[in-house]
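Data block below; observations after.
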Amino acid sequence: MQSPEWNSTAIFLTFDEGGGFYDQVAPPYVGGHMLGQRIPFILISPYSKENYVSSTVLNHASILGFIDYNWKLPALNRFVSLSNIPLDMFNFNTPYQSGNIRRTPMPVLTNKEFQLPSSPVFSLEINPPSLSSMFPLPLQIPIHKLPYSRSGSSTFNLSQVSSSLYVESDQSYVPWYVTDQFMIASSALSIFIAAIAGIRMRRRIK
């Protein structure tokens with residue numbers, strides 16, 4: 001937050017997959033492709049809406065879509081162009097648009113405030129007064145003064161503003177020797193060769 005680049009920063013924090021846990025919501029489809037389980041998605045930026053929960057259907061390509069949209073680039077492919085962009089999470093009309101962030105950075109605990117044990121043990125003594133001054137973090141703007149709704153969604157994607165694609169086809173290059181057709185043909189050939197070898201072996205035995 002103290003960096004001069006903070007005023008133009010947007011950090012997307014998410015996970016690569018859901019880890020196989022149960023999700024009661026059926027995955028939606030984007031461009032004919034079924035998405036996976038829901039995973040956390042957090043936006044960190046001086047322009048992110050505070051205390052806001054988005055219901056926008058996103059996927060990992062949404063981050064690529066945001067990059068293409070922000071730098072006015074063509075969508076990487078059709079799937080990216082059809083993926084929603086998390087623009088509803090931003091608020092560019094906030095009082096801290098000029099970069100005057102009112103919240104002070106979280107203090108770093110020193111050794112005096114956070115006593116480490118002298119020998120390896122399974123418990124760690126924490127000084128409650130030190131942590132009580134840190135949590136909960138105060139809101140930048142009081143909830144009753146937020147200039148936006150605390151929840152929302154968006155269906156905006158690149159296909160609505162541009163039809164140009166960097167890669168026209170969603171098909172990626174796959175070497176011929178790892179295609180399904182080659183695997184099936186090689187398996188059939190192996191079975192055929194084994195059968196011929198077995199027949200010749202039987203004739204020699206007779």
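The table below lists the values:
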| read-out | value |
| --- | --- |
| Segment 4-84: C-alpha gyration tensor shape, a/c 1.5 cut-off, then a/b vs b/c | oblate |
| Tensor-based shape of segment 1-44 (alpha-carbon gyration tensor, a/c under 1.5 rounded, otherwise prolate or oblate) | prolate |
| Under 11 Å, Cβ to Cβ, from SER162 - net charge with Lys/Arg +1 and Asp/Glu -1 | 0 |
| Residue-count net charge about PHE12 - beta-carbon cut-off 15 Å; Lys, Arg +1, Asp, Glu -1 | -2 |
| Karplus-derived HN-Hα couplings along segment 3-15 (A = 6.51, B = -1.76, C = 1.60, θ = phi - 60°), whole Hz, x at Gly and Pro | 6, x, 8, 4, 5, 10, 10, 9, 10, 9, 10, 8, 10 |
| From phi via Karplus (6.51, -1.76, 1.60), per-residue ³J(HN,Hα) for segment 190-201 in Hz, x at Gly/Pro | 5, 5, 5, 5, 5, 5, 4, 5, x, 5, 5, 5 |
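Read-outs throughout are calculated quantities, based only on the coordinates presented, and are distinct from any laboratory measurement. Just so you know, these numbers come straight off a predicted model, no measurement behind them. Counting neighbours? That spans all protein chains shown, and the Cβs are built from the backbone with ideal geometry, glycine included.
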